[in-house]
Amino acid sequence: MPSVYIKTYGCQMNERDSEAVAAQLVAKGYTLAPSEAVADVILLNTCSVRDFAEQKAINKMVNVIADARRARPDVVLGFMGCMAQSRGQELIDRLPDVDLVLGTQKFHRVVDYLDELLAGRREKIVDVAEEQGSEATIREHLLNGNSPKSVTAFVSIMQGCNQYCTFCIVPYTRGEERSRTIPDVVTECRQLVSQGVKEITLLGQIVTSYGKRGFGKIDSLAPRGTSGERVGVRGILENELLTPALSSPGEEREKKSPFVKLLDAVHEIEGLERIRFTSPHPKGYGDDLIEAYARLPKLVEHAHLPVQSGSDRVLKLMHRGYTRARYVGIIEKLRQAKPDIGISTDIIVGFPGETEDDFEQTLSLAREVEFDQAYIFKYSQRRDTPAAEMPDQVPQQIREERNQRLLEVINEIAKRRYSAFVGRQTQLLVEGPSKKNPARMTGRTRCNKIVVFDGSERHRGQLMDVQITRAGSFTLYGDPFVLGEH
Ligand code: SF4
């Protein structure tokens, strides 16, 4: 059978989509090539969030065409994901050697399309149409591959976003919000746990909007009801046999958002040790979600809550839907509920119209909140987004300079917060060998800090207590507290 090499750009959603595509191909007998040099099919899963990411994927394809195509004229080349969705046919017009362009709602079609291309039944395929129910098609996992079993897994719970932040291309590349049903997600999580997974991260562009726009009317992939019929989603929500976690009594049930109901349902899974999620949105971060941290022991003490700016004026221009005070209020409540919670964020510098005063407010927010980690992005103009047309675009040099200044503040705070762990005992879930030094093992604390320690393969998948001995740059070093192994 042909071999496939998939290169992924961008976010965790893309990583997850690539994994599902690879698993679908493996299930049909394809093999996974260790490198593009020996692959029969080369797929680039692309990102559109920044211009740089798009250029990187295009340049990569140009190089692949020059190298792989020359040596192996029959190799099949394809683009998938966000850039494929936004550019479509234009990619083949620009790079005629490309055979396949597959949009963000079409990942599950990849096997059929590759079969057709490899068999010579079709020469080129571009499919970027919308497809009802596509949110429920990212479900296969590659837990084993050729390597030892994974103990962590990502589960896609929804696709798309309706927030339309003025800088963001995602609503155009990923479409409207579409959520999988609770039973569907729980079934996938249960299977993962039965295969040895201990920690699940629920994934979506804006998970706090999960289920808020209802679920698909008819879910062809929905589980069967008690009498064997395919049950509609509304039926599922009312069916206590299928959703035991939703049957908790009266008022409390009414106050919970669909996302918190999903957390409740996943929390019920026996054998699952930890639950994470990314990314929530401050606008939809209700008290029910804050309260869930105090109520659900498997929900770990970490929140990645993108703030983007510390200036209300810029937040409004960005169409974020919250104020600085609202954001800080959420963080305060989270820290009241869980004092040790790790807080990370995303921040954009150099958004159009951002003045020095606005930027100073972002610096002061970073100091006020004291993030454990922050991912800083220099604003990148995305075509067809409102911000790209806004006046007062900030010159590149100023974006660079603000990036540097904010980075210094973030790093200084992180250093202090990481150093505070030295001497403390903390629980890790051991994930596997360290990437930098495979002779050592790494694990993750509940508050999402990476810890490197002297361990062995037998520790993989264990919850383990360690004593932190040293803090490095966004990494901790620990000594196993052997009696603490669970
Ligand atoms: S919430 Fe805003 S930044 Fe996040 S995916 Fe939606 S539009 Fe983009």
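Only one of Thr173, Thr137, Thr152 is under 30 Å from Pro282 (Cβ atoms), of a type in the set (S, T, N, Q) and crowded, with 23+ Cβ neighbours inside 10 Å; which? Give the steps one after another, and end with the answer.
Working: Thr137 fails: crowded, with 23+ Cβ neighbours inside 10 Å; Thr152 fails: crowded, with 23+ Cβ neighbours inside 10 Å.
The match here is Thr173.
Any residue at all in region 414-431 that's in a loop (DSSP other than H, G, I, E, B) and surrounded by 16 or more Cβ atoms within 10 Å (Cβ to Cβ)? Give the derivation first.
To start, the set of residues in region 414-431 that are in a loop (DSSP other than H, G, I, E, B) comprises 420-424.
Right, trim to surrounded by 16 or more Cβ atoms within 10 Å (Cβ to Cβ) and you get 421.
Yes, there is a match, as at least one residue in region 414-431 is in a loop (DSSP other than H, G, I, E, B) and surrounded by 16 or more Cβ atoms within 10 Å (Cβ to Cβ).
Please specify each residue of region 192-212 satisfying the condition of being under 28 Å from Glu176 (Cβ atoms) and without any contact (Cβ under 8 Å) to a residue 60 or more places away in the chain.
As a first pass, look at region 192-212 and keep what is under 28 Å from Glu176 (Cβ atoms): 192, 200-212.
Passing the criteria: Leu192, Tyr210, Gly211.
All but one of (1) at pLDDT 95 or above; (2) surrounded by fewer than 18 Cβ atoms within 10 Å (Cβ to Cβ) hold for Ala439; which doesn't?
Result: Ala439 passes all but (1).
What's the number of the only condition in (1) in contact with an Asp or Glu (Cβ under 6 Å, 6 or more places away or on another chain); (2) under 30 Å from Glu431 (Cα atoms); (3) within 16 Å of the ligand (Cβ to nearest atom); (4) not charged (D, E, K, R) that Cys82 fails to meet?
(1)
Quick one: would you say Pro96 is within 16 Å of the ligand (Cβ to nearest atom) and either polar (S, T, N, Q) or surrounded by fewer than 19 Cβ atoms within 10 Å (Cβ to Cβ) (or both)? Break it down into steps so the answer makes sense when it comes.
On the way: within 16 Å of the ligand (Cβ to nearest atom): no; either polar (S, T, N, Q) or surrounded by fewer than 19 Cβ atoms within 10 Å (Cβ to Cβ) (or both): yes.
So Pro96 fails the test.
Of the residues Tyr285, Tyr293, which single one is surrounded by fewer than 21 Cβ atoms within 10 Å (Cβ to Cβ) and aromatic (Phe, Trp, Tyr)?
Exactly one of Tyr285, Tyr293 is surrounded by fewer than 21 Cβ atoms within 10 Å (Cβ to Cβ) and aromatic (Phe, Trp, Tyr), namely Tyr293.
Of all residues in region 74-93 being surrounded by fewer than 16 Cβ atoms within 10 Å (Cβ to Cβ) and not polar (S, T, N, Q), which is nearest to Gln205 (Cα to Cα)? Talk me through it step by step, then tell me what you get.
First, the residues of region 74-93 that are surrounded by fewer than 16 Cβ atoms within 10 Å (Cβ to Cβ): 74, 89-90, 93.
Next, from what is left, pick out any that are not polar (S, T, N, Q): 74, 90, 93.
On the way: Asp74: 37, Glu90: 26, Asp93: 30 Å.
Restricting to residues being surrounded by fewer than 16 Cβ atoms within 10 Å (Cβ to Cβ) and not polar (S, T, N, Q), the top hit is Glu90.
So which strands (runs of 3 or more DSSP E) stay within region 68-166 end to end and still have 1 or more residues that are of a type in the set (Phe, Trp, Tyr)? Spell out how you get there, then give the answer.
On the way: elements: 76-80, 100-102, 125-127, 152-156.
Qualifying strands (runs of 3 or more DSSP E): 76-80, 152-156.
Condition test on Lys415, is it modelled with pLDDT of 95 or more and of a type in the set (D, E, K, R)?
So Lys415 passes the test.
Taking region 132-179 on its own, how many of its residues are within 20 Å of Ile206 (Cα to Cα) and touching a helix residue (DSSP H, G or I) at 6+ places or on another chain (Cβ under 9 Å)? Don't jump to the end; show me each part of the working.
As a first pass, look at region 132-179 and keep what is within 20 Å of Ile206 (Cα to Cα): 132-139, 153-179.
With the extra rule that they be touching a helix residue (DSSP H, G or I) at 6+ places or on another chain (Cβ under 9 Å), the set shrinks to 134, 136-139, 153-170, 172-175, 177-179.
Matching residues across region 132-179 total 30.
Tell me which residues, restricted to region 158-194, are near the ligand (Cβ under 10 Å from one of its atoms) and touching an Asp or Glu at 6+ places or on another chain (Cβ under 7 Å).
Here is the first cut: in region 158-194, the residues near the ligand (Cβ under 10 Å from one of its atoms) are 160-174, 177.
Gly160, Cys161, Asn162, Tyr172, listed by residue number.
Consider only pairs whose beta carbons are under 6 Å apart and that are at least six residues apart or on different chains; among these, list those whose first residue lies in region 369-398 and is on the phi > 0 side of the Ramachandran plot and whose second residue is in a loop (DSSP other than H, G, I, E, B).
Once the first residue is on the phi > 0 side of the Ramachandran plot and sits in region 369-398, its partners that are in a loop (DSSP other than H, G, I, E, B) give Asp392/Pro352; Asp392/Gly353.
Is there a residue being more than 25 Å from Arg50 (Cβ to Cβ), of a type outside the set (Phe, Trp, Tyr) and more than 22 Å from the chain's Cα centre (by Cα) anywhere in region 352-362? Please lay out each step first, then the result.
Residues of region 352-362 more than 25 Å from Arg50 (Cβ to Cβ): 357.
Next, only the ones that are of a type outside the set (Phe, Trp, Tyr) stay: 357.
The next check asks that each one be more than 22 Å from the chain's Cα centre (by Cα); those that pass are 357.
Yes, some residue in region 352-362 is more than 25 Å from Arg50 (Cβ to Cβ), of a type outside the set (Phe, Trp, Tyr) and more than 22 Å from the chain's Cα centre (by Cα).
Taking Ala388 as the residue in question, decide whether it is over 30 Å from Pro339 (Cα atoms) and small (Gly, Ala, Ser).
Working: over 30 Å from Pro339 (Cα atoms): yes; small (Gly, Ala, Ser): yes.
Spelling it out, Ala388 is indeed over 30 Å from Pro339 (Cα atoms) and small (Gly, Ala, Ser).
The values are calculated or read from the model by the stated rules, or taken from the named source; none is laboratory data. This one's a predicted model, so the numbers in the text were calculated from it and none came from an experiment. Glycine gets a Cβ as well: all are built from the backbone with ideal geometry, and neighbour counts include every protein chain shown.
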